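Written out below as structure tokens is the structure these notes cover.
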Amino acid sequence: MSADAMERQFAPGRAIRVVVVDDSALIREMLTAILNKDPEIEVVGAARDPLIARDMIKQHNPDVVTLDIEMPRMDGLAFLEKIMTLRPMPVVMISSLTQAGADAAMQALEIGAVDFVGKPAMDLRAGVAEMAAEIVEKVKAAARARVRGGRRPSPAATAAKPIGFRSTEKIVAIGASTGGVEALRQVVSALPSDSPAILATQHMPERFTTTFAARLDGVAKVKVAEAVDGQRVLPGHAYIAPGNRHLELSRSGANFITRLTDAPPVSGHRPSVDVLFRSVAAVAGANSVGVILTGMGKDGAAGLLEMRLAGARTVGQDERSCVVYGMPKVAYDLGAVELQAPLGDIAAKLLDACGGEKLRAVRV
């Protein structure tokens, strides 16, 4: 596979080699301890700034780099851009759980980072310790991710022309996780301004979803915003599940509306794709289309199957175009996916499934 779209493979028994880059000695120490505790991971270097990290990367050829954003001598985003241009590899960003951190994390994902971990602003030792399982999981997923080098161009110019879509009954539900920020950006920005209503759940913490929705709105023809409880669901709009809240579809009289809940995590997540898909299956049934995009784990697979059994059309991102072929694979193996398609074709496929004019029907 070419250097701009690499999928990492490992010999049996070989540990995932990681270089940790952070200007905080405490964070370097904690991340090293957390990662080394897992028998499948080995931290081969820990650097306090990108210039030292550059030499460690040359020396150890790591499988994954964890990278802080705010550092001396060169900030993390500038270093990430150099990595993705000169030596593309999986990078997991370490970003503070603040608005500035959210903005930087979105930029990092656009540049090419696989994922990010939110660094707590207070009580670092306790906060990082609580996130140990998440850190390990994201590093393992990143190690096997497809990595595309270079800054990713905005796909906004490829957005379809209006199709004269009028129905307020059609609902598109989209779920994604690792790699989903870029995948959702490509899908949503390729839709026409009169697209059917879209509800989307992307695994992401609070604050980050607000920034994500705003950035997506800037490149899309549809109007994109973080979902608010009880708002009417309308064509030409996309509603993003807020971090730490489940997004569901509901009805109020003749109208579809959004519902946000603080119910416990489902499939390990809040917001959960399964929660969204199940609500769409129950409320919209055959008038809906379900789309499952790149991501690790299995969230969304069972809910997508419920959608298909309720008469919905269902589309899954194919293996080759996924950053992590986890959620779509589980859904496909479960029989929940009617059609697998490359990321670049999914916008057209979901419009086909909604019955848009002059568009080919989805074929199994």
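What follows draws every value from the coordinates through simple rules; no lab data is involved. This structure is a prediction, so every number in the text was calculated from the model and none was measured. Here the Cβ is made from the backbone with ideal geometry for all residues, glycine too, and neighbour counts use every protein chain on show.
General remarks:
- Of the trypsin sites (Lys or Arg not before Pro) in the stretch 288-325, those whose Cβ has at most 16 other Cβ within 10 Å and which sit in DSSP loop: 320
- Taking each of 140/221; 58/138; 82/119; 37/329; 221/349 in turn, the alpha-carbon distance tops 27 angstrom for 140/221; 37/329.
- Counting every other Cβ atom within 10 Å of each residue's Cβ, 277, 208 order from fewest to most as 208, 277.
- Rounded to the nearest 10 degrees, the angle from helix 343-354 to the longest Cα principal axis of the chain is 20 degrees.
- Rounded to whole Hz, the Karplus (6.51, -1.76, 1.60) HN-Hα couplings of the stretch 85-94, x for glycine and proline: 8, 9, 8, x, 7, x, 10, 10, 7, 10
- The relative contact order of the stretch 14-147 comes to 24 percent, based on Cα pairs under 8 Å that sit 6 or more residues apart.
- Put simply, the amide H of residue 43, placed in the peptide plane, has neighbours under 5 Å in 18, 36, leaving out anything fewer than 5 places away on its chain.
- Alpha-carbon centroid distance for the pair the stretch 10-83 / the stretch 286-347, whole angstrom: 33 Å
- The chain, relative contact order in percent, only Cα pairs under 8 angstrom and at least six apart counted: 12 percent
- Ordered by the number of other Cβ atoms lying within 10 Å of each residue's own Cβ, fewest first, 292, 41, 174 fall into the sequence 41, 174, 292.
- Using alpha-carbon coordinates, inclination of helix 50-60 to the longest axis of the chain, degrees: 90 degrees
- The HN-Hα couplings worked out from phi for the stretch 232-243 by the Karplus form 6.51 cos²θ - 1.76 cosθ + 1.60 (θ = phi - 60°) are 6, 8, 10, x, x, 10, 10, 10, 9, 4, x, x Hz, whole numbers, x standing for Gly and Pro.
- The charge dipole of the chain, taken about its Cα centre with unit charges on the Cβ of Lys, Arg, Asp and Glu (plus for the first two, minus for the last two), comes to roughly 900 debye.
- Scalar couplings 3J(HN,Hα) for the stretch 274-284, obtained by applying the Karplus form with A = 6.51, B = -1.76, C = 1.60 to θ = phi - 60°, are 4, 4, 4, 4, 5, 5, 5, 4, 6, 9, 10 Hz; x denotes Gly and Pro.
- Close amide H contacts of residue 256 (hydrogens built in the peptide plane, cut-off under 5 Å, sequence separation of 5 or more or a different chain): 233.
- Amide hydrogen proximity for residue 195: with H placed 1.01 Å from N in the peptide plane, the residues at 5 or more positions away or on another chain lying under 5 Å are 236.
- Proxy reagent accessibility, fewest Cβ within 10 Å first, across 182, 42: 42, 182
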